[in-house]
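Undergrad: Could you have a look at this structure, given as structure tokens, before my questions?
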Amino acid sequence: MDTKNHPSTAIVVTGGLPPDPRVVSILPSPDFVVCADSGFDHALALGFTVDALVGDLDSISSDGLARADELGVPITMASPSKDETDTELAFVESLRLGASAIVLLTGGGDRIDHLLGVIAALGHHTLDGLERLEAWIGSDHLAVARPHRPLEFDRSIGSTFSLLPLGGPAVGVRASGLEWTLSGDTLDPGRARGVSNRVTSNPISISLDSGILAVITPGLLDSLSPKGGPT
């Protein structure tokens, strides 16, 4: 993970299943930790010091809520009938705190609508100005590429690598280091053309002219850390 520019980084921990604890040792050092509802319980379990808690607080444990109060964590409580998800509110709070990079942590969950909502939120225009935006979803890694934010990084040769547009077409996509390269192509949201590519060389470079692209490495955490062991 490239932290050479040292952006002000917020770790956002969401609800659902708890994040994989192995991810903690490979994260950038956060300037802020913002939790969405029961993400607070997960953050405490991961050893984080929490700077803000947001959401309608319908899933946080009673012990977690009492602990947040005991620690003096600022809480922004939202109405259950709000238009935004708790994850969206956590992004808003991260930006308010001054984050220029956001790393989201979630273990996923048993409801596909919640997971799709989290991924959709990563494509919101309010996050366009971030220097870096990525997510760990279980052991899978997702980085967001925008026209002014190309990506370059290394991955294991032969590993699976997918490119999926968020919220509309991704136009002028250029991808090198993959078995099936792209040279100014358009990826449409209704088609799965960018799924299950393979890494052939490093570094991998991803850029695009317009749109938003989710750059996904399934099982990346498993390749960085033995299952159940420390990184």
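The values are calculated or read from the model by the stated rules, or taken from the named source; none is laboratory data. Every value quoted in this text rests on a predicted model; they were computed, and no experiment measured them. Note that we place each Cβ from the backbone using ideal geometry, even for glycine, and neighbour counts take in every protein chain shown. Keep in mind that these areas ignore ligands, DNA and RNA; they rest on the heavy atoms of the full protein, side chains included. Shrake-Rupley method; radii C 1.70, N 1.55, O 1.52, S 1.80 Å.
Undergrad: Could you pull out the chymotrypsin sites (Phe, Trp or Tyr not before Pro) across the range 150-217 that fall in loop regions by DSSP (anything but H, G, I, E, B) with no more than 15 other Cβ atoms inside 10 Å?
TA: Numbers: sites: PHE153, PHE161, TRP180; in loops: TRP180.
Qualifying residues, ordered by number: TRP180.
Undergrad: Averaged over every viewing direction, what's the projected area of the C-alpha convex hull for the range 145-201? Give it in nm², one decimal, please.
TA: So the mean shadow area of the Cα hull is 3.7 nm².
Undergrad: Are there any GluC sites (Glu not before Pro) in the range 67-126 that are in a DSSP loop and have at most 14 other Cβ atoms within 10 Å? List them by number.
TA: Working: sites: GLU70, GLU84, GLU88, GLU93; in loops: GLU84.
Sites meeting the loop and neighbour criteria: none at all.
Undergrad: Of the beta bridges DSSP finds with both residues in the range 94-170, what % are antiparallel, to the nearest 5?
TA: 45 percent
Undergrad: Give me D for the range 44-110 in µm² s⁻¹, whole number, from Stokes-Einstein with Rh from the Kirkwood sum over alpha-carbon pairs, 25 °C and 0.890 mPa s.
TA: On the way: Rh = 13.1 Å.
The calculation lands on 187 µm²/s.
Undergrad: Helix-only mean residue ellipticity at 222 nm, the chain, DSSP H runs n ≥ 4 weighted -39,500 (n - 2.57), per residue, nearest 500. What is it?
TA: -5000 deg cm²/dmol
Undergrad: Output the relative contact order of the chain, whole-number percent, from Cα pairs under 8 angstrom with separation of 6+ residues.
TA: 19 percent.
Undergrad: What does the accessible area of ASP86 come to, in Å² to the nearest 10, when a probe of 1.4 Å is used?
TA: 30 Å²
Undergrad: Specify the inter-centroid distance of the range 204-220 and the range 112-145, based on alpha-carbon positions, in whole Å.
TA: 11 Å
Undergrad: Mind jotting down the three principal axis lengths of the range 172-231 based on Cα atoms? Whole angstrom, largest first.
TA: 40, 25, 17
Undergrad: Where does the chain land on Rg(C-alpha)/(2.2 N^0.38 Å)? Intermediate results must be reported in sequence, preceding the final value.
TA: Working: Rg = 17.5 Å, N = 231, 2.2 N^0.38 = 17.4 Å.
Dividing the Cα radius of gyration by 2.2 N^0.38 Å gives 1.01.
Undergrad: Also: Which trypsin sites (Lys or Arg not before Pro) in the range 16-119 sit in a loop by DSSP (not H, G, I, E or B) and have at most 16 other Cβ atoms within 10 Å of their own Cβ?
TA: For trypsin sites (Lys or Arg not before Pro) across the range 16-119 that sit outside H, G, I, E and B with at most 16 neighbouring Cβ atoms in 10 Å, the list reads LYS82, ARG111.
Undergrad: Carbon and sulfur: what percent of the chain's accessible surface (1.4 Å probe)?
TA: 53 percent
Undergrad: Restricting to the chain, compute how many DSSP beta bridges are antiparallel as a %, nearest 5.
TA: Here the antiparallel bridges make up roughly 55 percent for the chain.
Undergrad: Also, quick follow-up: Quick one: give the max-minus-min coordinate of the C-alpha atoms of the range 1-89 along each principal axis, largest first, in Å.
TA: 40, 27, 25
Undergrad: Moving on to the next point. Given a 1.4 Å probe, how much area per residue of the chain is accessible, in Å²? The partial results should precede the final answer.
TA: Details: 10940 Å² over 231 residues.
Per residue, the chain has 47 Å² of solvent-accessible surface.
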